[in-house]
Amino acid sequence: MVFINSEAKFNDNTYLIDGSLFKLKGSMSIYVIENDGLRMMIDTSASYAVKDIVKKMQELGVFPIHKILFTHSHWDHIQGAERLKKLMKETDVEFLASEKALSNLKNPEKINSLFDATAKPVLDVTPLKEGDFIDLNGLKLEVLNFFGHTMDSIALLDSKNKNVFVGDTIIDRLDYETFLPTFMPSDFHEPEVLETFQRLRELRSQINSISLAHYGVWEGEDCDRIINEMEDLHFQAKDSMIQWYNENPSMNYIASKYHEKFVPNSKTFTKEHIGGLVLQMEWLTRGLRSSGFIT
């Protein structure tokens, strides 16, 4: 089994860089795809992480960036855009996102207010739709609508390297012992998530790895594990959280129950340092509330 979580080049064209969300190692994947001198970055992490991300890109020889693609418009994927552009004043940076993301990117508070997070508007974005191709000097990346986590989420299929970049749509798996589901506010739509799960299953013969936004690249048998478990874990987490919320709406209570049932051996969220998991439970509960599963 192969879980790639080190900052390096992991296939012929792609680099993994740790975006250090909340300044935590292994919490946010930034991917840079390069072909024949043309470079595209996938997502940006938070603005405070940009300086370190740029330093890492320079060390890997993949800076400056020519294109920045947003897998969706949640704050942790777009907040660093403005600062990145300022650091690349001499480069004509192109922003790309789903055509359905343009409104959210212009008015990011619409989709991010329930996170108590802010992001500055991102303008002049090239819209993408299902079936479009991004051409990096001959390396063609196919755009797929992977809706559900948000209704503007897209994935990118790299057929040459048999890899798919899925953002947050499928699952967050920070390591072997730590997973989180995808029902975040304020745009979660379960029927679309289930359709996306099916689309990924249908892609299995075309891929050998899945690149998650949170966190890392899962190859071979680990790729199978993600695909085989994602739907079952989604429903287990959702049903359990609804039950726990009805028992006791305290986020500390829900986080404790989640830790006990799903991630007891997590090194990211431990019993002694459960604050980060409490925050995640708050966001996930807001996602269930905004989509009508709890009141």
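Some points to look at:
- Estimated D of the chain in µm² per second, where Rh is the Kirkwood radius over Cα pairs and Stokes-Einstein applies at 10 °C, 1.306 mPa s: 83 µm²/s
- Segment 2-230: relative contact order in percent, alpha carbon pairs under 8 Å with at least 6 residues between: 18 percent
- Value of [θ]222 nm, deg cm²/dmol, for the chain, DSSP H segments ≥ 4, -39500 (n - 2.57) each, nearest 500: -10500 deg cm²/dmol
- Surrounding net charge for Asn246, when Lys and Arg each add one and Asp and Glu each subtract one, Cβ distance under 14 Å: +1
- Filter on Lys56/Lys120; Lys9/Lys261; Lys100/Lys162; Lys9/Lys129; Lys120/Lys271; Lys162/Lys261 - keep pairs with C-alpha separation over 30 Å: Lys9/Lys261; Lys120/Lys271; Lys162/Lys261
- Segment 1-79-segment 267-295 distance, computed between alpha-carbon centres (Å): 25 Å
- Distance in nm between pseudo-label sites at Arg289 and Asp124 (7 Å out along the Cβ direction from Cα): 3.9 nm
- Gyration tensor verdict on segment 1-55 (Cα atoms; rounded if a/c is under 1.5, prolate if a/b is larger than b/c, oblate otherwise): oblate
- The simple spin-label model puts a point 7 Å past each Cα toward its Cβ; for Leu38 and Glu90 those points are separated by 2.2 nm.
- Sparse packing (at most 16 other Cβ atoms within 10 Å of the Cβ) combined with a DSSP loop state is found for the following trypsin sites (Lys or Arg not before Pro) in segment 155-224: Lys160, Lys162.
- Put simply, the amide H of Leu69, placed in the peptide plane, has neighbours under 5 Å in Met41, Ile42, Asp43, Leu96, leaving out anything fewer than 5 places away on its chain.
- Approximate spin-label separation Asn228-Lys55, in nm, with each point projected 7 Å along Cα-to-Cβ: 4.1 nm
- Computed lengthening from Ser6 to Ser205, 0.36 nm per intervening residue step minus Cα-Cα distance: 69.1 nm
Each reported figure results from applying straightforward, stated rules to the coordinates on display, with no laboratory input. Everything numeric here is computed off the predicted structure, so don't read it as measured data. Here Cβ is always computed from backbone atoms with ideal geometry, including for glycine, and neighbour counts include all displayed protein chains.
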